[in-house]
Structures are given as structure tokens and as C-alpha cells.
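Asker: Take this structure, written in C-alpha cells, and hold onto it; I'll ask about it next.
Since every read-out is calculated from the coordinates, none of them should be taken as a lab result. Note that this is a predicted model, so its numbers are computed, not measured. We place every Cβ from the backbone using ideal geometry, glycine too, and count neighbours over all the protein chains shown.
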Amino acid sequence: MRDNYIEKSKRKKILLLSDDLRFPSGVGTMSKELVLGTCHHFNWVQIGAGINHPDQGKILSLDKSVADETGVEDASVKIIPSNGYGDSQLVRKVIADEKPDALMIFTDPRYWIWLFNMEREIRSRIPILYLNIWDNPPYPMYNRSYYMSCDGLFGISKQTVNINKQVLGEEEAKNHVIKYIPHGVSAHFKPLAKDDPKVLEMKKKIFGDNIPEFILFYNARNIGRKRTSDIILAWNDFCVHYNKSNVKCCLYLHTDPVDNAGTDLPAVVQTLCKPGVDIRIDGNRYSTEDLNLLYNMSDGVIMASAAEGWGLALTEALNTGKMFIATVTGGMQDQMRFEDENGNWINFSKNFPSNHTGLYRKHGEWCIPIWPEHGRALVGSPLTPYIYDDRAPIESYTAAIADLFNTPAEVRERRGMAGYKWATSDEAGFTSAQMAARFIEAADETLEFHKNHPRSRYEFEKINPEQPVLRVDYDPVNYSLDK
């Protein structure tokens, strides 16, 4: 029996609003891992979002399938499919029908403005939990009212936890449970031997008899901030100028070839890459087991994102014992394990919101970090007026690919396995089981906090027209100089 097991009739029920947990998006995948990992302790009902959801109008019980997968025979998991993340009327109805003990949201706060507008109505009865992430500083003071609308703020990255605290301010932060709950992946992701029959079979299936000696793997969406085209150009430059021995090499992109949020990748390859440069673009959907084989057949993983809340491909790389190349930004910093002057895994603070300026350089041996310290750009939109974009030059990725390529295979394996041991340790805890355990502790604490600090449905405040505008209280450019 699992630790913290509670029989079905005595469990608290959580209403989850996120991508349908059966869907393969990052949010959907993590929603699934959380539900499967905690179904022995909580009952779950989800308003499962999708675009033009094929099951709209149905109510689906997943009790049997969840029980079969987890061994929790009395699991209670229900999905109410929805086109989009729902609205106030649907939430009111589901709360009335299901009588949950907590409501949890997951993904960008701009999707939940309608929910934050009714937070007093909800929080006078049940707490709101928010599994949240924010890609970059400067501190998003425009998110403050959103964070104030929640009882539990569970930051996916260390950077996000610090952002939650700094944006709320010291006094307001005391009114919230703020915890670090990084993403963790399922036990299906694990290191396999190079000569494992299933790995060899996958290579044969993809490459036939023309199997490369060096494979660099990319597994993420084809969207602008991921900078997939930069990876293609860096790879082309590596093949033309660094692969002097003409070793058979392949860049294997598991992504949609064309995406309106990204670009036409085949056009980039055909027009800008030299003939003979091997780049495969695979838009097929794979099971978790087959994705594990794709990682294991590779010699390394790359992500060149200019903004990245977490970077799930790096977590999967770590759990399969693979080295990776990645930009020092967002949650990808966590997975590089930068050390401070005392040898500790870095934490962030008011005057040190990110390590993307390169203040700390010592990192885990499993990664090759790419520094954007001279390529930061402030971008924004009307709803998010300012946020840093961490751009590094293409040449930096080319050099990193050459570095990985020139590292002997046995050394790559040793360094990758060092990452695996750390990622699955208690310190990192980047597995679904460890993520679930952290969530149970944080959710239980928030439920107890809400019970002991009840909120009224209404509160009167005297409006002060002289109230100053919220400002960031640190140097948003040179913060790395003053920790």
C-alpha cells in the first residue's frame, strides 16, 4: 500500500482545471502524473480542456483505467471535457455537483482572469491551489493580484518560488502557502544500455541500415520561443565546419514540421542547410515507452529556448541518463544545478532573481550551459508588459554541439548517469513519485491553513486614490552584481 493512503470515502476531493490529462501537452502530461501519483490520497475531478474537444458534453469516469495503471483499487478520477478551460458558470455548477474540498489551476495566469474575478466567492468555501510558473524577471508586478487570489502557490521552479514571494511582498506572502514542486517524470523514463534490443530495434525502425554514429535529440514544440530554427542552423554549421572526419551524425527533431506558432522547418532545412546534412523531423506521436527509447538511442539532448518555464525534455533527458545542451533561463537553470560559493544548489532572492547573467558558473557535469548574458532583450505585451527574452548566439550552440560530439562516448555516459543519480535523488526529486509526495504535503498544508484562516465572502476596503503604483524594488538590469 502506498504511503499516505486514505480510503476513498475519507479523502479530500480536488477539482482540477488544466489540459485534459489524457492529452500529450506538457500541462496535460504533468496533470496526469500528479493525479496518478496522488489518487491514493485525493479524489479527483477535472475540467479537462482541449481545443474543439471531441468529448465535449460527456462526463467520463477513469476509475478503472487509473486503478489498472496505479494499483489503487478504489481510485476516484472523473473528467468533464471542455472546449477551453471553462468559465464561471461551469465552475459554479461543478462545485455544486461535486462538492470539492479544493480547486486547483495549472498553466499561465492569463487563462484564469475570469476565475480570479470570482476568487472571494470560491475561497469563502474552499481554497484555490495554483501550480504556477513564470519564465523570467523582471518581477511581474502585474501578476500580484493573481497570486493574491490563491491560497497555495506551488512554484514549479526555484525562480518561480522567489517570484511569488517578491511580487506578494513579505507581509502578504504570510497569507499564502508557498512551496517548491518541480516537475517529475514517470518511471517509464529510465536509462537503457546502448545494445538493449528495444533501443536497437527503434534505431533500425527509424534509420534502417543507415544508423548514425552520433544522434542529437530535440523533443519540444515548434514554436518561436523554442528557437528550433537556431538549432538547425547550429547543427548545419557543426556538420560543415566541425565534423572533419565526416562521422555519420543526425539531428533528430521530434516536433511538428510546420506550426503557425513556429515556422516551416522543412523550408529552413531545404533552403539554408548544405546538402547531405542529416536532419530528421518527426511529427509522429509516441507512447511514453517509445519516447524513452528515442532518448536512449540518442547521444545528447538540446534545447535553445529564449524563454522556458521548466523544460520537460531536460527532465526526461536526466531520467534517461543523457547529457544536454540548454540555455541558462527559467526552470532549465534548476536542472543544471548551479552551485553558490558554499557549494550549495543555488536559491534565488530579491536582488538575485535569475542566474542568466552568469553570476554562478559551477554546474552539474551532465549539462553544457549556454549563456545569454549579452543577449537579454526586454519584450512584452499589453497583458505582460515586460519580461526578459534570453537569447544566445547561434554560434554558442554550434560550439556546444562540437563539445558534446568530441566528448568520448564513455565520458558522456558517465556524466549523463551522474545527472540521472542527482535527478532521482531527494535533493532534486525530478520523478513523478517525488513530485506527488511534495504535492500531497503542500496541498494538505494549504487545506489546513485555509481551515484555520477562513475568508469571508465580502470585504470592505477604503479606496485610497493616492496609493502609489507598485514598482520593482531592485536593479532590474545589474542585479547579479548585488545578491
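Asker: Only Lys, Arg, Asp and Glu count, each charged at its Cβ (+1, +1, -1, -1), so figure out the dipole size of segment 67-218 about its Cα centre, rounded to 20 debye.
Answerer: The dipole magnitude comes to about 280 debye.
Asker: Then there's this: Multiply the residue separation of GLU341 and PHE460 by 0.36 nm, subtract the distance between their alpha-carbon atoms, and state the gained length in nm to one decimal.
Answerer: Gain on stretching GLU341 to PHE460: 38.0 nm.
Asker: Let me check I've understood the local charge: for GLY419, count other residues with C-beta under 9 angstrom from its C-beta, Lys and Arg +1, Asp and Glu -1. What total comes out?
Answerer: In short, +3.
Asker: A further question on this structure: Sort 318-330, 178-190 by the packing proxy (mean of other Cβ within 10 Å over each peptide's residues), most packed first.
Answerer: Ranked by mean Cβ neighbours within 10 Å, highest first: 318-330, 178-190.
Asker: Of the chain, which part is the longest with no GluC sites (Glu not before Pro) in a loop (DSSP not H, G, I, E, B) and with at most 13 other C-beta atoms within 10 angstrom?
Answerer: Answer from the scan: 74-212.
Asker: Please list, ordered by chain and number, the residues whose modelled amide H lies under 5 Å from the amide H of ALA326; skip anything fewer than 5 residues away on the same chain.
Answerer: Counting only residues 5 or more places away or on other chains, the set is MET303, ILE368, ILE370.
Asker: Cβ under 15 Å from SER396's Cβ, SER396 left aside: what net charge do those residues give with Lys, Arg +1 and Asp, Glu -1?
Answerer: Combined, the nearby Lys, Arg, Asp and Glu give -2.
Asker: Using only Cα atoms, find the angle between the long axis of helix 432-452 and the longest principal axis of the chain, and express it within 0 to 90 degrees, rounded to the nearest 10.
Answerer: 20 degrees
Asker: Now for a different question. Given an 8 Å cut-off on Cα distances and at least 6 residues of separation, report the relative contact order of segment 257-398 as a percent.
Answerer: 18 percent
Asker: Can I ask one more? Just to confirm the number: angle between the C-alpha axis of helix 394-406 and the first principal axis of the chain, 0 to 90 degrees, nearest 10?
Answerer: 70 degrees
Asker: I would also like to ask the following. Using Cα centres only, tell me the gap between segment 27-67 and segment 361-427 in whole Å.
Answerer: One Cα centre to the other: 33 Å.
Asker: Moving on. Round to the nearest 10 and give me the degree value, 0 to 90, for the angle of helix 158-168's Cα axis relative to the longest principal axis of the chain.
Answerer: Once rounded, one gets 30 degrees.
Asker: Using DSSP to call loops (not H, G, I, E or B), can you name the trypsin sites (Lys or Arg not before Pro) in segment 47-121 whose Cβ has at most 11 other Cβ atoms within 10 angstrom?
Answerer: For trypsin sites (Lys or Arg not before Pro) across segment 47-121 that sit outside H, G, I, E and B with at most 11 neighbouring Cβ atoms in 10 Å, the list reads LYS58.
Asker: Just want to confirm a number: the relative contact order over the chain, from Cα pairs under 8 angstrom separated by 6+ residues, in percent.
Answerer: 16 percent
Asker: Right, next: Residue by residue through segment 263-269, which ³J(HN,Hα) values in whole Hz follow from phi under the Karplus form 6.51 cos²θ - 1.76 cosθ + 1.60 (θ = phi - 60°), with glycine and proline marked x?
Answerer: 7, 8, 5, x, 5, 4, 5
Asker: Same structure again: So what is the 222 nm mean residue ellipticity for the chain from helices alone, if each DSSP H run of at least 4 adds -39500 (n - 2.57) and you divide by all residues, rounding to the nearest 500 deg cm²/dmol?
Answerer: The helix contribution divided over the chain gives -9500 deg cm²/dmol.
Asker: What number comes out for the charge environment of ILE163, summing +1 per Lys or Arg and -1 per Asp or Glu over other residues with Cβ under 12 Å away?
Answerer: Summing Lys/Arg as +1 and Asp/Glu as -1 gives +3.
Asker: May I ask which residue of CYS249, ALA234, ASN219 lies farthest towards the positive end of the charge dipole of segment 197-423, with charges of +1 (Lys, Arg) and -1 (Asp, Glu) on Cβ and the Cα centre as origin?
Answerer: Farthest towards the positive pole: CYS249.
Asker: Could I ask something else about it? Along the Cα-to-C-beta direction of ASP108, a point sits 7 Å from the Cα; which residues of segment 363-386 have their amide N less than 16 Å from that point?
Answerer: Only 379-386 pass the distance filter.
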